[in-house]
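The values are calculated or read from the model by the stated rules, or taken from the named source; none is laboratory data. Not measured: the values here are computed from a predicted model. Cβ atoms come from the backbone with ideal geometry, glycine included; neighbour counts cover every protein chain shown. Surface areas here come from the heavy atoms of the whole protein model, side chains and all, with no ligands, DNA or RNA. Shrake-Rupley method; radii C 1.70, N 1.55, O 1.52, S 1.80 Å.
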Amino acid sequence: MKTKRMGFTLTEYDKVEELPKQYATLMARAVQARKKAYAPYSNFRVGAAVLLESGEIVEGNNQENASYPSGLCAERVAIFHAGANYPGQKILTVAISAASDDYEVKQPAAPCGNCRQSMAEYEHKQHAPIVILLQGESGPIFKCESVADILPLGFNNSFLSDS
Ligand code: THU
């Protein structure tokens, strides 16, 4: 019997001014995207900004639906848009901003499990980590060095064949 410890390193910035400029710009784009979210049911708005290796930034936000499960999170709207329109380009960073119409979100909102799995697909495909930046409406910014860090023991296509 063996016990293994799985952990990861998270960098916490106290405020956006502490971020390297490129990350601050990306987070500002996530905030812009968040403000265009369609979230009439939860009033919880999320924006995601995806930085591609070309320097281009792709945005997405949560799109809710009267049939609740038919809606989609911001991260998947953004990353699927990147995958659909820039299939050959590596994704360097995803910034995620969350806020509520009803109260102040003071802590970063962590991406849901489905979004982690969806982002992990692209990270696995490109053989390079995707840095994740998270922030609420105010409060600290978390930086995670890869999607794999926040989805330990994840499933990927290596399980689908024996090669
Ligand atoms: N949401 C996101 O957009 N991203 C996440 O990672 C977590 C949740 C959205 C889905 C739904 O529209 C609202 O936030 C409340 O769950």
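Tell me the per residue accessible area of the chain using a 1.4 Å probe; a whole number in Å² is fine.
56
Where does the charge balance sit around residue 149 when Lys and Arg score +1, Asp and Glu -1, over other residues with C-beta under 12 Å from its C-beta? Don't skip to the answer; put the middle values down first.
Details: positive: 116, 143; negative: 123, 145.
So the environment of residue 149 carries a net charge of 0.
So, with a 1.4 angstrom probe, what is the percent of accessible area on the stretch 11-150 that is carbon and sulfur?
Numbers: 3380 of 6660 Å².
Carbon and sulfur atoms account for 51 percent of the accessible area of the stretch 11-150.
At each listed q (0.14, 0.15 Å⁻¹), what is the log10 of I(q)/I(0) that the Debye formula gives for the stretch 47-90 modelled as equal alpha-carbon point scatterers?
Values, matching the q order: -0.34, -0.38.
What residues qualify as long-range amide H neighbours of residue 71, i.e. H under 5 Å apart, gap of 5 or more or another chain, H built at 1.01 Å from N?
Counting only residues 5 or more places away or on other chains, the set is 65.
Return the tail of the calculated pair distribution for the chain, meaning the percent of Cα-Cα pairs more than 30 Å apart. Numbers along the way, then the final one.
Working: 1997 of 13203 pairs.
Tail of P(r) above 30 Å: 15 percent of Cα pairs.
Can you tell me which lysines have their Cα less than 19 Å from the Cα of residue 21? Leave out same-chain residues fewer than eight positions away.
143
Given Cβ point charges of +1 (Lys, Arg) and -1 (Asp, Glu) and nothing else, what value in debye, to the nearest 20, does the dipole of the chain about its Cα centre take? Write down the numbers at each step before the final one.
Numbers: 16 positive and 18 negative charges, 44 e Å.
Around 220 debye, computed over the chain.
Relative contact order of the chain, please, whole-number percent, based on alpha carbon pairs below 8 angstrom and at least 6 residues apart.
Normalised by residue count, the contact order of the chain is 23 percent.
Please compute the alpha carbon radius of gyration of the stretch 1-62, then divide it by the globular-protein estimate 2.2 N^0.38 Å. Two decimals is fine.
Details: Rg = 16.2 Å, N = 62, 2.2 N^0.38 = 10.6 Å.
Dividing the Cα Rg of the stretch 1-62 by 2.2 N^0.38 Å gives 1.54.
Just tell me, in residue order, which DSSP H segments of the chain are both 15 angstrom or longer along the helix axis (alpha-carbon based) and at least -0.5 in mean Kyte-Doolittle hydropathy.
Working: long enough: 21-34 (20 Å, -0.34); 74-85 (17 Å, 0.30); 113-126 (20 Å, -1.81).
In the chain, the long hydrophobic H runs are 21-34, 74-85.
With the cut-off at 14 Å, report for the stretch 84-145 the share of all Cα pairs above it, as a whole percent.
The proportion of pairs with Cα distances above 14 Å equals 61 percent.
What are the trypsin sites (Lys or Arg not before Pro) within the stretch 91-163 that DSSP puts in a loop, where the Cβ has at most 16 other Cβ atoms within 10 Å? Don't skip to the answer; put the middle values down first.
Working: sites: 106, 116, 125, 143; in loops: 106.
Those that pass, being in a loop and sparsely packed, are 106.
Taking the Cα centre of the stretch 83-163 as the origin, how large is its charge dipole in debye, to the nearest 20, when only Lys and Arg (+1) and Asp and Glu (-1) carry charge on their Cβ atoms? Please list the in-between numbers first.
Numbers: 5 positive and 9 negative charges, 50 e Å.
The calculated dipole for the stretch 83-163 is roughly 240 debye.
Set Lys and Arg Cβ to +1 and Asp and Glu Cβ to -1, take the dipole of the stretch 8-100 about its Cα centre, and tell me which of 79, 68, 24 lies farthest positive.
My answer, from the dipole projection, is 68.
Which is the longest stretch in the chain that no exposed loop site breaks, taking sites as GluC sites (Glu not before Pro) with a DSSP loop state and at most 16 other Cβ atoms within 10 Å? Each step should come with its number before you reach the end.
Working: sites that count: 53, 56, 104, 145.
It works out to 1-52.
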